[in-house]
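Report on the structure given below.
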Amino acid sequence: MHAVILSIGDELALGQTVDTNSAYLAARLAEHGIACLYHLTVADDRAAITRALLDASEHAPLVLVTGGLGPTEDDLTRQALADALDKPLVLDQPSLARIEAIFARRARPMPDRNRVQAMHPANTRIIPNDNGTAPGIRARLGGATLFVMPGVPSEMHAMFAHAVAPELDPGAGHRHVILAATVNTFGRGESDVAQALAELMDRARNPRVGTTVTDGLITVRVRSEAEHHNQAREALDATLHEVERRLAPLAFGRDDRTLAQAAVDLLQARGRTLATAESCTAGLLAKLVTDVAGSSAVYAGGLVTYANATKQALAGVSPATLATHGAVSEPVARELARGALARCPGADLALAITGIAGPAGGTADKPVGTVHLALADRDDLLSLALRLHGDRATIRDRAAKTALQMLRLHLLGESINHLRPTPKVAS
(Lines give C-alpha, C1' and ligand atoms only; values in the text may rest on other atoms or scores of the structure.)
Protein backbone atom coordinates (compact mmCIF):
# COMPACT_ATOMS: atom_id res chain seq x y z
CA MET A 1 0.00 0.00 0.00
CA HIS A 2 1.03 3.58 -0.65
CA ALA A 3 -0.11 6.69 1.17
CA VAL A 4 -0.17 10.45 0.72
CA ILE A 5 0.27 12.92 3.57
CA LEU A 6 -1.25 16.42 3.40
CA SER A 7 -0.29 19.16 5.86
CA ILE A 8 -2.60 22.16 5.96
CA GLY A 9 -1.73 25.67 7.14
CA ASP A 10 -0.42 29.05 6.02
CA GLU A 11 2.29 28.88 8.68
CA LEU A 12 3.64 25.71 7.06
CA ALA A 13 3.36 26.92 3.48
CA LEU A 14 5.12 30.18 4.39
CA GLY A 15 7.93 28.42 6.25
CA GLN A 16 7.05 30.03 9.57
CA THR A 17 6.58 26.62 11.22
CA VAL A 18 8.48 23.43 10.45
CA ASP A 19 6.22 20.55 9.44
CA THR A 20 7.15 17.79 11.88
CA ASN A 21 3.80 16.01 11.46
CA SER A 22 4.63 14.67 8.00
CA ALA A 23 7.93 13.21 9.18
CA TYR A 24 6.22 11.58 12.15
CA LEU A 25 3.43 10.08 10.06
CA ALA A 26 5.76 8.83 7.30
CA ALA A 27 7.86 7.01 9.91
CA ARG A 28 4.79 5.47 11.53
CA LEU A 29 3.42 4.37 8.14
CA ALA A 30 6.74 2.67 7.32
CA GLU A 31 6.44 0.70 10.55
CA HIS A 32 3.17 -0.64 9.16
CA GLY A 33 4.69 -1.53 5.80
CA ILE A 34 3.17 1.47 4.00
CA ALA A 35 5.37 3.66 1.82
CA CYS A 36 4.56 7.35 1.52
CA LEU A 37 4.17 8.42 -2.12
CA TYR A 38 4.48 12.12 -1.39
CA HIS A 39 4.00 14.85 1.21
CA LEU A 40 2.16 18.02 0.24
CA THR A 41 1.86 21.27 2.18
CA VAL A 42 -1.24 23.32 1.37
CA ALA A 43 -2.02 26.85 2.49
CA ASP A 44 -5.31 27.78 4.20
CA ASP A 45 -7.16 28.03 0.91
CA ARG A 46 -10.44 26.14 0.61
CA ALA A 47 -10.22 25.50 -3.13
CA ALA A 48 -6.56 24.45 -2.92
CA ILE A 49 -7.28 22.02 -0.09
CA THR A 50 -10.20 20.55 -2.04
CA ARG A 51 -8.00 19.99 -5.09
CA ALA A 52 -5.29 18.42 -2.94
CA LEU A 53 -7.77 16.02 -1.36
CA LEU A 54 -9.18 14.97 -4.73
CA ASP A 55 -5.74 14.52 -6.25
CA ALA A 56 -4.37 12.56 -3.29
CA SER A 57 -7.36 10.19 -3.29
CA GLU A 58 -6.63 9.37 -6.93
CA HIS A 59 -2.97 8.57 -6.27
CA ALA A 60 -3.12 6.47 -3.10
CA PRO A 61 -5.62 4.31 -1.20
CA LEU A 62 -4.69 5.99 2.09
CA VAL A 63 -4.56 9.75 2.71
CA LEU A 64 -3.54 11.28 6.04
CA VAL A 65 -4.35 14.95 6.60
CA THR A 66 -3.29 17.18 9.49
CA GLY A 67 -4.31 20.75 10.32
CA GLY A 68 -7.15 23.12 9.58
CA LEU A 69 -9.66 21.73 12.09
CA GLY A 70 -9.62 24.69 14.49
CA PRO A 71 -12.47 27.15 15.12
CA THR A 72 -11.12 30.19 13.27
CA GLU A 73 -11.95 31.60 9.83
CA ASP A 74 -8.75 30.20 8.33
CA ASP A 75 -9.42 26.62 9.49
CA LEU A 76 -10.96 25.29 6.30
CA THR A 77 -10.11 21.59 6.09
CA ARG A 78 -13.55 20.26 7.07
CA GLN A 79 -15.26 22.62 4.61
CA ALA A 80 -12.85 21.59 1.83
CA LEU A 81 -13.46 17.93 2.61
CA ALA A 82 -17.21 18.54 2.35
CA ASP A 83 -16.63 20.18 -1.05
CA ALA A 84 -14.52 17.24 -2.24
CA LEU A 85 -17.19 14.77 -1.10
CA ASP A 86 -20.03 17.01 -2.37
CA LYS A 87 -21.72 16.62 1.01
CA PRO A 88 -23.10 19.18 3.46
CA LEU A 89 -21.63 19.71 6.92
CA VAL A 90 -23.72 18.24 9.71
CA LEU A 91 -23.50 18.68 13.48
CA ASP A 92 -22.34 15.81 15.68
CA GLN A 93 -24.08 16.28 19.01
CA PRO A 94 -21.73 14.03 21.07
CA SER A 95 -18.76 16.04 19.78
CA LEU A 96 -20.46 19.31 20.66
CA ALA A 97 -21.19 18.04 24.17
CA ARG A 98 -17.55 16.98 24.56
CA ILE A 99 -16.29 20.42 23.47
CA GLU A 100 -18.71 22.17 25.82
CA ALA A 101 -17.51 19.96 28.66
CA ILE A 102 -13.89 20.94 27.97
CA PHE A 103 -14.75 24.63 28.31
CA ALA A 104 -16.81 23.93 31.42
CA ARG A 105 -13.82 22.21 33.06
CA ARG A 106 -11.78 25.30 32.28
CA ALA A 107 -14.48 27.50 33.82
CA ARG A 108 -14.83 29.41 30.55
CA PRO A 109 -17.85 29.99 28.31
CA MET A 110 -17.57 28.26 24.94
CA PRO A 111 -17.33 30.78 22.08
CA ASP A 112 -20.02 30.16 19.49
CA ARG A 113 -17.30 29.78 16.88
CA ASN A 114 -16.12 26.50 18.47
CA ARG A 115 -19.39 24.93 17.44
CA VAL A 116 -17.95 24.42 13.95
CA GLN A 117 -15.46 21.93 15.38
CA ALA A 118 -18.33 19.53 16.04
CA MET A 119 -19.33 19.53 12.37
CA HIS A 120 -18.31 17.04 9.71
CA PRO A 121 -19.39 16.14 6.18
CA ALA A 122 -22.44 13.89 5.99
CA ASN A 123 -21.66 10.18 5.70
CA THR A 124 -18.28 10.56 7.36
CA ARG A 125 -17.26 9.40 10.82
CA ILE A 126 -16.08 11.55 13.69
CA ILE A 127 -12.85 10.52 15.43
CA PRO A 128 -12.97 11.63 19.08
CA ASN A 129 -10.13 13.82 20.34
CA ASP A 130 -9.34 13.12 23.99
CA ASN A 131 -6.59 15.76 24.05
CA GLY A 132 -8.22 18.84 22.52
CA THR A 133 -11.34 20.43 21.10
CA ALA A 134 -10.89 19.41 17.44
CA PRO A 135 -12.30 15.96 16.58
CA GLY A 136 -10.85 14.14 13.60
CA ILE A 137 -12.78 12.83 10.61
CA ARG A 138 -12.67 9.50 8.78
CA ALA A 139 -14.00 9.54 5.24
CA ARG A 140 -14.08 7.65 1.95
CA LEU A 141 -13.27 9.58 -1.21
CA GLY A 142 -13.26 7.56 -4.40
CA GLY A 143 -11.21 4.47 -3.62
CA ALA A 144 -9.26 6.09 -0.80
CA THR A 145 -9.68 6.16 2.95
CA LEU A 146 -8.98 9.57 4.48
CA PHE A 147 -8.06 10.31 8.08
CA VAL A 148 -8.21 14.00 8.93
CA MET A 149 -6.46 14.87 12.21
CA PRO A 150 -5.62 18.01 14.21
CA GLY A 151 -2.40 19.84 13.43
CA VAL A 152 -1.30 20.07 17.07
CA PRO A 153 1.40 17.35 17.21
CA SER A 154 0.46 15.92 20.62
CA GLU A 155 -3.21 15.64 19.61
CA MET A 156 -2.32 14.14 16.24
CA HIS A 157 0.07 11.58 17.74
CA ALA A 158 -2.58 10.33 20.16
CA MET A 159 -5.29 10.20 17.50
CA PHE A 160 -3.07 8.32 15.08
CA ALA A 161 -2.12 5.76 17.73
CA HIS A 162 -5.67 5.14 18.93
CA ALA A 163 -7.78 5.55 15.80
CA VAL A 164 -5.63 5.24 12.71
CA ALA A 165 -2.88 2.72 13.44
CA PRO A 166 -5.29 -0.10 14.41
CA GLU A 167 -6.88 0.13 10.95
CA LEU A 168 -3.53 -0.21 9.20
CA ASP A 169 -2.75 -3.72 10.47
CA PRO A 170 -4.32 -6.49 8.41
CA GLY A 171 -4.74 -8.76 11.43
CA ALA A 172 -3.44 -12.30 11.54
CA GLY A 173 -0.65 -13.33 9.20
CA HIS A 174 2.33 -11.49 7.83
CA ARG A 175 2.29 -8.12 6.09
CA HIS A 176 4.70 -6.17 3.97
CA VAL A 177 7.39 -4.67 6.20
CA ILE A 178 9.48 -1.53 5.68
CA LEU A 179 12.39 -0.93 8.04
CA ALA A 180 14.74 2.02 7.86
CA ALA A 181 17.87 3.24 9.62
CA THR A 182 20.73 5.63 8.97
CA VAL A 183 24.51 5.72 9.32
CA ASN A 184 26.12 9.08 10.06
CA THR A 185 29.55 10.19 8.89
CA PHE A 186 31.60 13.37 8.91
CA GLY A 187 34.83 14.35 7.19
CA ARG A 188 34.28 13.26 3.58
CA GLY A 189 32.38 14.86 0.72
CA GLU A 190 29.10 13.41 -0.50
CA SER A 191 30.65 12.33 -3.81
CA ASP A 192 33.43 10.52 -1.92
CA VAL A 193 30.87 8.73 0.20
CA ALA A 194 28.87 7.77 -2.89
CA GLN A 195 32.03 6.41 -4.52
CA ALA A 196 32.80 4.32 -1.45
CA LEU A 197 29.28 2.91 -1.35
CA ALA A 198 29.29 2.24 -5.12
CA GLU A 199 26.88 -0.57 -6.04
CA LEU A 200 25.10 -0.33 -2.67
CA MET A 201 23.39 2.80 -4.07
CA ASP A 202 21.90 1.01 -7.08
CA ARG A 203 18.26 2.17 -7.15
CA ALA A 204 17.09 -1.34 -8.04
CA ARG A 205 18.73 -2.79 -4.95
CA ASN A 206 16.87 -3.87 -1.82
CA PRO A 207 17.75 -2.59 0.76
CA ARG A 208 17.85 0.79 -0.95
CA VAL A 209 20.69 3.14 0.02
CA GLY A 210 20.78 6.92 -0.39
CA THR A 211 22.56 9.93 1.10
CA THR A 212 21.61 13.36 2.42
CA VAL A 213 23.77 16.20 3.69
CA THR A 214 22.80 18.38 6.65
CA ASP A 215 25.16 20.85 8.33
CA GLY A 216 28.21 19.05 7.01
CA LEU A 217 27.07 15.63 8.23
CA ILE A 218 26.40 12.99 5.60
CA THR A 219 23.59 10.64 6.49
CA VAL A 220 23.39 7.33 4.67
CA ARG A 221 19.77 6.20 4.53
CA VAL A 222 19.02 2.48 4.31
CA ARG A 223 15.49 1.17 3.67
CA SER A 224 14.73 -2.54 3.67
CA GLU A 225 11.46 -4.07 2.43
CA ALA A 226 10.28 -7.67 2.79
CA GLU A 227 7.19 -9.73 3.46
CA HIS A 228 8.43 -10.79 6.88
CA HIS A 229 9.97 -8.71 9.65
CA ASN A 230 12.94 -11.03 10.16
CA GLN A 231 13.83 -10.90 6.48
CA ALA A 232 13.70 -7.11 6.42
CA ARG A 233 15.72 -6.85 9.63
CA GLU A 234 18.45 -9.24 8.49
CA ALA A 235 18.86 -7.45 5.16
CA LEU A 236 18.85 -4.03 6.87
CA ASP A 237 21.47 -5.03 9.45
CA ALA A 238 23.73 -6.57 6.79
CA THR A 239 23.64 -3.42 4.68
CA LEU A 240 24.20 -1.14 7.68
CA HIS A 241 27.28 -3.12 8.69
CA GLU A 242 28.62 -2.96 5.14
CA VAL A 243 28.06 0.80 4.95
CA GLU A 244 29.90 1.26 8.26
CA ARG A 245 32.76 -0.95 7.05
CA ARG A 246 33.20 1.05 3.85
CA LEU A 247 33.01 4.42 5.60
CA ALA A 248 35.22 3.52 8.56
CA PRO A 249 36.66 5.19 10.53
CA LEU A 250 34.66 8.35 9.79
CA ALA A 251 31.23 6.75 10.30
CA PHE A 252 30.41 7.53 13.92
CA GLY A 253 26.92 6.24 14.67
CA ARG A 254 23.42 5.39 13.59
CA ASP A 255 20.14 7.28 13.52
CA ASP A 256 20.05 10.17 16.04
CA ARG A 257 23.52 9.61 17.45
CA THR A 258 25.56 12.81 17.29
CA LEU A 259 29.26 13.28 16.72
CA ALA A 260 29.57 14.79 20.19
CA GLN A 261 27.84 11.75 21.70
CA ALA A 262 30.26 9.45 19.89
CA ALA A 263 33.24 11.44 21.17
CA VAL A 264 31.95 11.55 24.75
CA ASP A 265 31.26 7.82 24.73
CA LEU A 266 34.82 7.12 23.58
CA LEU A 267 36.23 9.38 26.29
CA GLN A 268 34.23 7.42 28.86
CA ALA A 269 35.27 4.07 27.40
CA ARG A 270 38.95 5.06 27.43
CA GLY A 271 38.80 6.69 30.85
CA ARG A 272 40.03 10.02 29.45
CA THR A 273 39.08 13.61 30.27
CA LEU A 274 38.99 16.60 27.94
CA ALA A 275 39.72 20.31 28.09
CA THR A 276 39.15 22.86 25.34
CA ALA A 277 40.62 26.19 24.24
CA GLU A 278 38.65 28.12 21.64
CA SER A 279 39.15 31.33 19.76
CA CYS A 280 36.89 31.68 16.67
CA THR A 281 34.32 29.15 17.94
CA ALA A 282 34.08 30.98 21.29
CA GLY A 283 32.73 28.06 23.31
CA LEU A 284 30.78 26.23 20.60
CA LEU A 285 32.94 23.12 20.95
CA ALA A 286 32.40 23.13 24.71
CA LYS A 287 28.66 23.49 24.16
CA LEU A 288 28.51 20.51 21.79
CA VAL A 289 30.36 18.37 24.32
CA THR A 290 28.30 19.46 27.32
CA ASP A 291 25.01 19.08 25.45
CA VAL A 292 25.62 15.34 25.89
CA ALA A 293 24.14 13.92 29.08
CA GLY A 294 26.90 12.54 31.31
CA SER A 295 29.62 14.71 29.78
CA SER A 296 30.53 16.06 33.23
CA ALA A 297 32.38 12.79 33.84
CA VAL A 298 34.78 13.46 30.96
CA TYR A 299 34.86 17.23 30.45
CA ALA A 300 37.22 19.12 32.73
CA GLY A 301 36.52 22.61 31.42
CA GLY A 302 37.54 25.08 28.79
CA LEU A 303 39.01 28.45 27.89
CA VAL A 304 37.49 31.01 25.53
CA THR A 305 40.46 33.03 24.32
CA TYR A 306 39.08 35.43 21.75
CA ALA A 307 41.59 38.28 22.15
CA ASN A 308 45.33 37.85 21.86
CA ALA A 309 45.80 39.20 25.36
CA THR A 310 43.45 36.50 26.65
CA LYS A 311 45.36 33.83 24.75
CA GLN A 312 48.46 34.93 26.61
CA ALA A 313 46.87 35.39 30.04
CA LEU A 314 44.66 32.28 30.14
CA ALA A 315 46.42 29.77 27.90
CA GLY A 316 49.99 30.95 28.19
CA VAL A 317 50.47 31.55 24.45
CA SER A 318 53.82 33.22 23.86
CA PRO A 319 53.73 36.87 22.73
CA ALA A 320 56.59 36.01 20.38
CA THR A 321 54.54 33.22 18.77
CA LEU A 322 51.63 35.59 18.24
CA ALA A 323 53.89 38.28 16.81
CA THR A 324 55.70 35.91 14.46
CA HIS A 325 52.88 33.69 13.24
CA GLY A 326 49.65 35.51 14.05
CA ALA A 327 46.69 34.33 16.12
CA VAL A 328 45.41 32.07 13.33
CA SER A 329 48.31 29.70 12.89
CA GLU A 330 49.46 26.20 13.66
CA PRO A 331 51.95 27.28 16.37
CA VAL A 332 49.26 29.25 18.23
CA ALA A 333 46.80 26.34 18.00
CA ARG A 334 49.42 24.03 19.44
CA GLU A 335 50.22 26.40 22.30
CA LEU A 336 46.50 26.83 23.01
CA ALA A 337 46.14 23.06 23.31
CA ARG A 338 49.17 22.76 25.59
CA GLY A 339 47.91 25.65 27.69
CA ALA A 340 44.45 24.17 28.15
CA LEU A 341 45.96 20.85 29.12
CA ALA A 342 48.19 22.50 31.71
CA ARG A 343 45.58 24.86 33.14
CA CYS A 344 42.52 22.58 33.42
CA PRO A 345 43.03 20.29 36.41
CA GLY A 346 42.22 16.67 35.73
CA ALA A 347 42.34 16.93 31.94
CA ASP A 348 44.56 14.51 30.04
CA LEU A 349 43.49 15.64 26.55
CA ALA A 350 42.97 19.12 25.13
CA LEU A 351 41.45 20.39 21.88
CA ALA A 352 42.17 23.87 20.55
CA ILE A 353 40.63 25.89 17.71
CA THR A 354 41.75 29.19 16.20
CA GLY A 355 40.55 30.61 12.91
CA ILE A 356 38.92 33.33 10.84
CA ALA A 357 35.14 32.86 10.74
CA GLY A 358 34.43 36.09 8.84
CA PRO A 359 32.82 37.83 7.24
CA ALA A 360 35.78 40.22 7.76
CA GLY A 361 39.33 39.58 8.90
CA GLY A 362 40.61 37.51 6.01
CA THR A 363 43.82 38.23 4.07
CA ALA A 364 45.40 36.88 0.91
CA ASP A 365 47.54 34.49 2.97
CA LYS A 366 44.80 33.67 5.47
CA PRO A 367 41.39 34.02 3.85
CA VAL A 368 38.11 33.69 5.72
CA GLY A 369 37.66 30.02 6.56
CA THR A 370 41.28 29.42 7.55
CA VAL A 371 41.17 27.33 10.73
CA HIS A 372 43.86 25.57 12.75
CA LEU A 373 43.10 22.77 15.21
CA ALA A 374 45.38 21.11 17.72
CA LEU A 375 45.01 18.09 19.98
CA ALA A 376 47.35 17.58 22.92
CA ASP A 377 47.74 14.77 25.40
CA ARG A 378 50.59 13.86 27.74
CA ASP A 379 52.54 12.21 24.91
CA ASP A 380 51.42 13.67 21.58
CA LEU A 381 50.62 17.01 19.99
CA LEU A 382 48.72 16.85 16.68
CA SER A 383 47.62 19.73 14.49
CA LEU A 384 45.35 20.09 11.51
CA ALA A 385 44.91 22.98 9.06
CA LEU A 386 41.55 23.55 7.36
CA ARG A 387 40.23 25.80 4.63
CA LEU A 388 36.48 25.94 5.26
CA HIS A 389 33.80 27.57 3.15
CA GLY A 390 30.47 29.16 3.96
CA ASP A 391 29.17 31.91 6.20
CA ARG A 392 30.33 32.67 9.72
CA ALA A 393 27.98 30.19 11.41
CA THR A 394 28.90 27.43 8.97
CA ILE A 395 32.64 27.89 9.43
CA ARG A 396 32.33 27.82 13.21
CA ASP A 397 30.10 24.75 13.10
CA ARG A 398 32.40 22.81 10.76
CA ALA A 399 35.46 23.73 12.82
CA ALA A 400 33.91 22.43 16.04
CA LYS A 401 32.68 19.22 14.38
CA THR A 402 36.08 18.60 12.79
CA ALA A 403 37.67 18.97 16.22
CA LEU A 404 35.30 16.34 17.60
CA GLN A 405 36.06 13.96 14.75
CA MET A 406 39.78 14.61 15.23
CA LEU A 407 39.41 13.66 18.91
CA ARG A 408 37.39 10.57 18.03
CA LEU A 409 39.97 9.34 15.50
CA HIS A 410 42.79 9.85 18.02
CA LEU A 411 40.95 7.88 20.68
CA LEU A 412 40.36 5.06 18.18
CA GLY A 413 44.06 4.98 17.31
CA GLU A 414 43.33 6.15 13.76
CA SER A 415 45.24 8.76 11.78
CA ILE A 416 43.75 12.24 11.58
CA ASN A 417 44.79 12.17 7.91
CA HIS A 418 41.37 10.60 7.29
CA LEU A 419 39.92 14.10 7.63
CA ARG A 420 39.67 16.17 4.47
CA PRO A 421 40.69 18.66 3.35
CA THR A 422 43.99 18.49 5.20
CA PRO A 423 46.49 20.84 3.53
CA LYS A 424 48.89 20.38 6.42
CA VAL A 425 49.06 17.79 9.17
CA ALA A 426 51.85 17.94 11.69
CA SER A 427 52.76 15.92 14.75
Review point. In whole percent, what relative contact order does segment 170-269 give with Cα contacts below 8 Å and a gap of six or more residues?
Key: 36 percent
Check your understanding: Once you charge only the Cβ atoms, +1 for Lys and Arg and -1 for Asp and Glu, what is the size of the charge dipole of segment 154-240 about its Cα centre, to the nearest 20 debye?
Key -> 140 debye
Study note, to complete from the structure: Note to self: C-alpha centroids of segment 185-259 and segment 33-112 sit apart, in Å, by 38 Å
Revision key, fill the gap. quick shape note, the chain: Cα extents on principal axes in Å, largest first -> 83, 52, 41
Review point. So how strong a dipole does segment 37-138 carry about its Cα centre when Lys and Arg Cβ are +1 and Asp and Glu Cβ are -1, to the nearest 20 debye?
Key: 460 debye
Practice item. Provide the gained length on full extension for the span ARG106 to ALA198, in nm with one decimal, where the gain is 0.36 nm per separating residue minus the Cα-Cα distance. Key: 27.1 nm
Practice item. Could you check how much of the accessible area of segment 270-326 is carbon and sulfur, as a whole percent, using a 1.4 Å probe? Key: 57 percent
Revision key, fill the gap. Of every hundred units of 1.4 Å-probe accessible area on segment 103-151, the number belonging to carbon and sulfur atoms, as a percent, is 46 percent
Check your understanding: So what is the relative contact order of segment 275-427, in percent, for Cα pairs below 8 Å that sit 6 or more residues apart?
Key -> 22 percent
Review point. So how much slack lies between HIS229 and THR363, counting 0.36 nm per residue of separation and subtracting their Cα-Cα distance, in nm?
Key: 42.4 nm
Study note, to complete from the structure: To the nearest 0.05, the calculated FRET efficiency linking GLU11 and ASP291 through their beta-carbon distance, R0 being 22 Å, is 0.20
Exercise for review: Work out the count of Lys pairs in the chain where the Cα-Cα distance is under 24 Å, with the pair 8 or more places apart or on different chains.
Suggested key: 8
Exercise for review: Using only the alpha carbons, work out the radius of gyration and Dmax of segment 236-291 in angstrom.
Suggested key: 14.2, 43
Review point. Using r as the Cβ-Cβ distance of ARG46 and TYR24, and R0 as 25 Å, what FRET efficiency do you calculate, to the nearest 0.05?
Key: 0.45
Check your understanding: Shape call for segment 149-263 from the C-alpha gyration tensor, a ≥ b ≥ c root eigenvalues: rounded (a/c under 1.5), prolate (a/b greater than b/c) or oblate?
Key -> oblate
Check your understanding: Once Lys and Arg get +1 and Asp and Glu get -1 on their Cβ, which of GLN93, GLN117, VAL220 lies farthest toward the positive end of the dipole of the chain?
Key -> VAL220
Review point. What figure in square angstrom, to the nearest 10, would you give for the accessible area of HIS229 with a 1.4 Å probe?
Key: 100 Å²
Exercise for review: Just reorder LYS366, LYS87, LYS311, LYS287 by solvent-accessible area, largest first, 1.4 Å probe, all chains present.
Suggested key: LYS287, LYS87, LYS366, LYS311
Study note, to complete from the structure: For ILE127, other-chain or 5+-apart residues with amide H closer than 5 Å (H placed, Pro excluded) are GLY136, ILE137, ARG138
Exercise for review: Pairs of Cα atoms under 8 Å, at least six residues apart: use those to get the relative contact order of the chain, whole percent.
Suggested key: 10 percent
Review point. How much of TYR306 can a 1.4 Å solvent probe reach, expressed as accessible area in Å² and rounded to 10?
Key: 120 Å²
Study note, to complete from the structure: In whole µm²/s, the translational diffusion coefficient that Stokes-Einstein assigns to segment 87-192, given a Kirkwood hydrodynamic radius over C-alpha pairs, 20 °C and 1.002 mPa s, equals 127 µm²/s
Check your understanding: Using a 1.4 Å probe, what is the accessible area per residue for segment 1-138, in Å²?
Key -> 47 Å²
Practice item. Note down the magnitude of the dipole of the chain about its Cα centre, charges +1 on Lys and Arg C-beta and -1 on Asp and Glu C-beta and zero elsewhere, to the nearest 20 debye. Key: 820 debye
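The values are calculated or read from the model by the stated rules, or taken from the named source; none is laboratory data. If you're wondering where the values come from, they're calculated on a predicted model, not measured in any experiment. Quick reminder, even Gly has a Cβ in these numbers, built from the backbone with ideal geometry, and neighbours come from all protein chains shown. SASA here: full protein model, heavy atoms, side chains in, ligands and nucleic acids out. Shrake-Rupley method; radii C 1.70, N 1.55, O 1.52, S 1.80 Å.
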